[in-house]
Amino acid sequence: MMKIAVLPGDGIGPEIVAQAAKVLEALRGDGLKIEMEYAHIGGAGYDAAQDPLPEATLKLAQASDAVLLGAVGGYQYDTLPRPMRPEQGLLRIRKGLGLFANLRPALVYPELVNASSLKPELVSGLDIMILRELTGDIYFGQPRGIRELPNGERQGFDTMHYSESEVRRVAHVGFGIAMKRNKKMCSVDKANVLDTSMFWREIVTEVAKEYPAVELSHMYVDNAAMQLVRAPKQFDVILTGNIFGDILSDEASMLTGSIGMLPSASLDADNKGLYEPCHGSAPDIAGKDIANPLATILSVAMMMRYTFAREDIAQRIEGAVRKVLQQGLRTGDIYESGMQKIGTAAMGDAVVAAL
Ligand code: NAD
């Protein structure tokens, strides 16, 4: 039994998740044992239970094998005190589930090569996986805050650190993924300046000995940022820490040019995971049946691959998405003249038909 917690969230979340649910239902119709249970998160959680991560939602997520999430956030919640804001629901569920490995593929479909702001020859055939450590680094390091120095001047400060076990476990995930891909991994750090990075590099190099088939390289983050727009196809898997990964994964996602096409996975030590599109709740287009549901549907493909080890089903879903693109069907965000523009629900139906 595949037990999936479904958390639509806010804005376009419910519309796009409904399309991914159609895909799951179609797979269930084919005999796959899938159980879906819905709960609130983000602004929807606040509206329902005055909490962006209601206790019942966290409990459901913890009792499930995988979580499918839409997106959170909306203008109406922007004035709430910080603990009540929708994004707190996201941060807390990641923490509550121990999700330390964030996977974001940057993949350019041949049909959408013109959506990239880079020249087609630079991105055509691009297929990178960025693995970002998600629960450590300067984002969580203590102490942090704003303090007064002896001379009376105020100072903001944060603390960057990585423990050996934190680096080791994410490195293992990275090498595992590289083994299933082109067996190349580039670890990105700032070891020329930061002690944390020097340590990161040392541990990754040590873990690499267990994966002799994988070719490991190291790159400084400033160079990596440059190489991603200069010659992105040199990369297969990029492994990096939380803050560098935050920035590089957004940069890499834009190589594809289409935010509505990008799925993501966040995994724990047992491959339990949370799957969500990379984009936000797009309140500007919510409720209009124009949002692109493909990132969410592709997140289901990642769920099948990483949590349920069903590469066959993952490829079937990805194949269906390719087929729909080949048929010339496009939502507004990826529309080009000569193609057929369709809405959110119609796109979901087209993918189900192509399955
Ligand atoms: P966004 O990703 O929601 O939207 C950016 C732009 O891309 C908008 O013009 C939007 O219409 C468009 N877009 C996004 N997804 C699309 C899709 N599937 N199909 C077509 N167009 C799409 O980012 P934002 O505008 O900066 O943030 C809006 C809200 O989302 C904020 O409240 C923010 O906090 C939240 N947010 C949530 C997440 C998340 O849930 N993981 C991530 C980022 C932002």
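The values are calculated or read from the model by the stated rules, or taken from the named source; none is laboratory data. Computed from a predicted structure; not experimentally measured. Note that we place each Cβ from the backbone using ideal geometry, even for glycine, and neighbour counts take in every protein chain shown. The accessibility values were calculated without ligands, DNA or RNA, using every heavy atom of the protein model including side chains. Shrake-Rupley method; radii C 1.70, N 1.55, O 1.52, S 1.80 Å.
Side notes on the structure shown:
- All positions within the range 5-20 that are buried (at least 24 other Cβ atoms within 10 Å of the Cβ) and away from the ligand (no atom under 13 Å from the Cβ): A5
- The range 248-260 residues that are under 17 Å from S281 (Cβ atoms), paired with ones that are part of a helix (DSSP H, G or I) (beta carbon under 6 Å, 6 or more apart): G260/A295; G260/D333
- Qualifying position, being of a type in the set (D, E) and within 12 Å of the ligand (Cβ to nearest atom), among D78, D65, D30: D78
- Across the range 322-344, the number of residues qualifying as within 18 Å of H279 (Cα to Cα) and touching a residue at least 40 places away in the same chain (Cβ under 8 Å) comes to 6.
- Inter-residue pairs, beta-carbon under 8 Å, first without any contact (Cβ under 8 Å) to a residue 60 or more places away in the chain and in the range 1-14, second surrounded by fewer than 23 Cβ atoms within 10 Å (Cβ to Cβ) and not in a loop (DSSP other than H, G, I, E, B), 6+ apart: M1/I34; M1/E35
- A single member of G73, G45 is within 24 Å of A291 (Cα to Cα) and either within 11 Å of the ligand (Cβ to nearest atom) or over 23 Å from the mean Cα position of the chain (by Cα) (or both), and it is G73.
Conditions tested, residue by residue: (1) at pLDDT below 95; (2) part of a helix (DSSP H, G or I); (3) surrounded by 15 or more Cβ atoms within 10 Å (Cβ to Cβ).
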| residue | (1), (2), (3) |
| --- | --- |
| L27 | no, yes, yes |
| M36 | no, no, yes |
| Q62 | no, yes, no |
| G70 | no, no, yes |
| Q88 | yes, yes, yes |
| A106 | yes, no, yes |
| L112 | yes, yes, yes |
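- Only helices (runs of 4 or more DSSP H) whose full extent lies in the range 218-335 are considered here, and the ones with at least 3 residues that are over 30 Å from G43 (Cα atoms) and not assigned by TED's automatic domain parsing to the domain that holds S64 are 221-230.
- Scope the range 275-316; condition more than 10 Å from the ligand (Cβ to nearest atom), touching a residue at least 24 places away in the same chain (Cβ under 8 Å) and open to solvent by less than 20 Å² (accessible area, probe 1.4 Å); matching residues: Y275, I297, L298, S299, V300, A301, M302, M303, I313
- Scope the range 141-170; condition buried (at least 16 other Cβ atoms within 10 Å of the Cβ) and touching a helix residue (DSSP H, G or I) at 6+ places or on another chain (Cβ under 8 Å); matching residues: M160, Y162, V167
- Looking only at the range 241-257, residues that are within 15 Å of the ligand (Cβ to nearest atom), open to solvent by 10 Å² or more (accessible area, probe 1.4 Å) and over 14 Å from the mean Cα position of the chain (by Cα) come to 1 in all.
- Residue count for the range 180-203, restricted to those that are more than 14 Å from H218 (Cβ to Cβ), in a helix (DSSP H, G or I) and at pLDDT 95 or above: 2.
- As a summary of the residue check, R230 satisfies the conditions (1) closer than 13 Å to P105 by Cα; (2) more than 18 Å from the chain's Cα centre (by Cα); (3) open to solvent by 10 Å² or more (accessible area, probe 1.4 Å) except for the one numbered (1).
- For the range 115-126, a residue qualifies if it is in contact with a Lys or Arg (Cβ under 8 Å, 6 or more places away or on another chain) and open to solvent by 30 Å² or more (accessible area, probe 1.4 Å), and the qualifying residues are L122, G125.
- The set of residues from the range 265-274 being within 12 Å of the ligand (Cβ to nearest atom) and among the polar types (S, T, N, Q) comprises just one member, S266.
- Any hit, the range 178-194, residues being open to solvent by 60 Å² or more (accessible area, probe 1.4 Å), hydroxyl-bearing (S, T, Y) and touching a residue at least 12 places away in the same chain (Cβ under 8 Å): no
- Failed criterion for H40 (all others in (1) in a loop (DSSP other than H, G, I, E, B); (2) open to solvent by 40 Å² or more (accessible area, probe 1.4 Å); (3) closer than 30 Å to Q315 by Cβ hold): (3)
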